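Trainee: Here it is, the structure in full.
Taken together, the values in this text are just the output of simple stated rules run on the coordinates, not laboratory data. These figures come from a predicted structure and were not determined experimentally. As a convention, Cβ positions derive from the backbone with ideal geometry for all residues, glycine included, and neighbour counts pool all protein chains shown.
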Amino acid sequence: MNPIKRDPLWRPNLSDFMTSAAGLWLVVVASGIYHGINPGMGWPLAVSAALFEGQRTALLRALAALGFGHLLAMLGILLPFAVMFVLVEYQREIRIGASCLVIAAGLYLVINRRHPRFLSRVKPSRLALWSFLVAMAHGAGLMLVPIYLGLCVPGGPGPDYGAPVQLMSFNIGIALGVAVLHTAAMILSGGAVAYAVYRILGLKFVSQSWFNLDVVWALSLILVGGIGLWAAL
Amino acid sequence: MTIRPDPTFYASPKIAMEAPAETLAFTLMLSPDFSQPDGLAVVDVDPKSKTYGQILHSVMMPNTGDEFHHFGWNACSSALSPLTGHAFLERRYLIIPGIRSSRIYVIDVKEPLKAKIHKIIEPEEVFEKTGYSRPHTIHCGPEGIYVSTLGGGGEDGTDGPPGIFIMDCQTFEIIGRYEIERGVQDKHYDFWWNLPRDYMVSSEWALPPQFENGIVPEDLLSNKYGHKIHFWDLRGRKNIQTIDLGENHQMALEIRPAHDPVKQYGFVGVVVDTTNLEGAIFTWWRNDDGTFEAKKTITIAPQPADAEDLPPLLAGFGAVPALVTDIDLSLDDKFLYVSCWGQGEMHQYDVSDPMNPKLAGKVEIGGIVKKTKHPSGKDFGYGPQMVEISRDGKRVFWTNSLYSTWDDQFYPGERGAAMVVAHVQEGGGLELDPDFYVEFPKGYRSHQIRLEGGDCSTDSFCYPSV
């Protein structure tokens, strides 16, 4: 089995920062904060839980459930790519395909601004399920795919590995790392907002701080997909 | 869709109470003989205004015979539920069903003084898409706008039970029936819910042949009107429990849950107890195990009257029943207002302890026997009926018509439309405002009132008052 050579087509792109491992990991954290402070991803539910039970442990329990659902949604999207990316000779195509998928998801969300009705059928007590479905429905996991693939690409920031098994475990390891770091950032930022609203800012902040991010969110997907595409081509 | 949530969406009832007071009210006008189109009146309720108590604008419909009754907003504070993601709707449209025609109007009131018809849903579409008829109560819920109906299919609305259907909250397309499992529910009237606790409560008035051409005394005396309340798994769309209030408790109408979603209780008004002519309020509540119970907590005794003062329907009883036809709960869950339409009284109960309500205030106006005049000296026909409370709980508005054909049985002859306001005193007590008496166009009657920016029977809240 031939060891994987550095991809001759791979070239530094955008900037040294964006292609460095540190830069990509920072984007993972930043996207986590972005998802965390977006009320649509659930921090108001943690405030509500704490107010209903009158104790902050309820806030933590709600955050844990929301985080678990979000983590599963991230892994649900990233792991298939981790497996697929073992096909080294198709990595470029996979990156292009993945980027196009992310752009398509963004375009779909720009055009179709309706919220999926099935989300309103989820029981308020099933926060983890809700968090999972809401992340899936809004392509929260997809947003990470181009960043993730950037971290996995041979000759990129990651090390060169030879055997597919090693490559697979490397890819899965990165996927776990991306999902956990992203979710941790999401829960910490969302949790900070929720706690501040619960203890200091008060409930008025819920409506005051809630901006319609639908378009920004969809454009974020297109942007991330575009950068991924640009990097892959 | 907007960038920020509508400023009239409030996270909790407490925040809604602190919001600026309403300056306009929307009141439904109906033509009881169906000779003129029904309409929506925009009423000045700003005491500082020169036109206080006057109709500033009316929207008249292009049809006759709709019979307007209840109505509601396209969006309310429930839009702030983080579960549904509809925070960027506008409270902009009033959804007005005709309970006689089954036609539904969507009125754009973004500029209230230029309010206009935005969309009309013809009856055939309601029948075809839902199998229901005679749409009634409107609430904004998890999957869109929920509309209760009083009739099933067929000419007289008895082909299948009535129920609730859902409309899209943006396009106003009818999506379809709500119920997946209705259990024993076979009549319908009002419904409301506790959104975060995920349950709904519905009530029963009667089937269309029992009300459209007037009350059917034989059916009432044989206890054939509705007397059950139904509890639903809201998002599961299943009837999980039915409580029979007792067949003598005829016509369980308005459902008023506590506004603060932490509280798991509410009230339902019963028009008349056929064993003793009492009016009654039941308190219902949810136990920790998810089961529900209900107990009668208020009774209002009939008042003796001479047969000659009574309409033929009541003459044989020698007494006038309270006829509890509407109830409404203030946003702080402190005061329950009870319309005694027959006796001409508006009662205010302190329900701080929901199991032990105390009469805190009372106003007499109109009534079958008493016919009390308004403090302005004007006559007040019929009795206090549809009641609406301002968000801050300081003003209580009401109108006087119950339902065209029933008005004529209990109050024969044309008595005229009215809308009045009473001011609530600190700690309880009510006083009518002598300067507020809305005059409606000739030949019309007045029914439900909605207040600008929300009131005490529209908005559902998703966060506790703290």
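Trainee: What distance in nm separates the simple spin-label points at A:ARG61 and A:ASN212, each placed 7 Å from Cα in the Cβ direction?
Mentor: Between A:ARG61 and A:ASN212, the label points sit 3.6 nm apart.
Trainee: Rank B:PRO257, B:PHE267, B:PHE26 by how far each Cα sits towards the positive end of the charge dipole of segment B:13-451 (+1 on Lys, Arg Cβ; -1 on Asp, Glu Cβ) and give me just the farthest.
Mentor: Value computed over the given set: B:PHE26.
Trainee: Turning to a different aspect of this structure: Could you please report the charge total around A:PHE68, scoring K, R as +1 and D, E as -1 over all other residues with beta-carbon less than 14 angstrom from its beta-carbon?
Mentor: +2
Trainee: Let me ask something additional. Name the residues whose placed amide hydrogens come within less than 5 Å of the amide hydrogen of B:VAL272, ignoring near sequence neighbours (fewer than 5 apart) on the same chain.
Mentor: Distant-sequence amide H within range of B:VAL272: B:GLN250.
Trainee: Moving to a separate point now. Normalised by the residues of segment B:13-451, what does the relative contact order come to in percent, with Cα pairs under 8 Å and at least six apart?
Mentor: Reported as a whole number, the value is 12 percent.
Trainee: Long-range amide H contacts for B:LYS119: which residues qualify at under 5 Å (H placed 1.01 Å from N, peptide plane, sequence gap of 5 or more or a different chain)?
Mentor: B:VAL106
Trainee: While we're here: Assuming a ≥ b ≥ c are the square roots of the Cα gyration tensor eigenvalues, decide whether segment B:13-451 counts as rounded (a/c under 1.5), prolate (otherwise, with a/b larger than b/c) or oblate.
Mentor: Judged from the Cα gyration tensor, segment B:13-451 comes out rounded (a/c under 1.5).
Trainee: What shape does segment A:17-232 take by its C-alpha gyration tensor, where a ≥ b ≥ c are the square roots of the eigenvalues and a/c under 1.5 counts as rounded, a/b above b/c as prolate, and the rest as oblate?
Mentor: Prolate is the answer for segment A:17-232, as a/c is 1.5 or above and a/b outweighs b/c.
Trainee: Answer rounded, prolate or oblate for the protein assembly as shown, using the Cα gyration tensor with square roots of eigenvalues a ≥ b ≥ c: rounded when a/c is under 1.5, else prolate when a/b is larger than b/c, else oblate.
Mentor: prolate
Trainee: In whole Hz, what ³J(HN,Hα) sequence does segment A:178-187 give by Karplus (6.51, -1.76, 1.60; θ = phi - 60°), x for Gly and Pro?
Mentor: 5, 5, 5, 5, 4, 5, 4, 5, 5, 5
Trainee: Among A:LEU107, A:SER207, A:GLY36, which residue has its Cα positioned farthest towards the positive end of the charge dipole of segment A:17-232, with +1 placed on the Cβ of Lys and Arg, -1 on the Cβ of Asp and Glu, and the dipole taken about the Cα centre?
Mentor: So the residue furthest toward the plus end is A:SER207.
Trainee: Next question. In whole Hz, with x marking every Gly and Pro, tabulate ³J(HN,Hα) for segment B:347-359 from phi via Karplus 6.51 cos²θ - 1.76 cosθ + 1.60, θ = phi - 60°.
Mentor: 9, 10, 10, 7, 10, 3, 9, x, 8, 9, x, 10, 5
Trainee: For a quick check, take a GNM of chain A with Cα springs below 10 Å and name the residue from A:ALA62, A:ALA196, A:ALA73 with the largest mean-square fluctuation.
Mentor: So, out of A:ALA62, A:ALA196, A:ALA73, the one fluctuating most is A:ALA196.
Trainee: Determine the dipole magnitude for segment B:86-130: charges of +1 sit on the beta-carbon of Lys and Arg, -1 on that of Asp and Glu, nothing else is charged, the reference point is the Cα centre, and the result goes in debye to the nearest 20.
Mentor: Computed charge dipole of segment B:86-130: roughly 220 debye.
Trainee: Please list, in order along segment B:373-384, the HN-Hα scalar couplings obtained from phi with the Karplus expression 6.51 cos²θ - 1.76 cosθ + 1.60 (θ = phi - 60°), rounded to whole Hz, x for Gly and Pro.
Mentor: With the stated coefficients, segment B:373-384 comes to 7, 6, x, 6, x, 7, 6, 10, x, 6, x, x Hz.
Trainee: Then there is this: Hey, can you grab everything whose amide H is under 5 Å from the amide H of B:ALA319? Only 5+ residues off in sequence or another chain; H modelled, so Pro and N-termini drop out.
Mentor: B:ALA305
Trainee: About the Cα centre, and with charges only on the beta carbon of Lys, Arg (+1) and Asp, Glu (-1), how big is the dipole of segment B:1-49? Nearest 20 debye, please.
Mentor: That gives a dipole near 260 debye.
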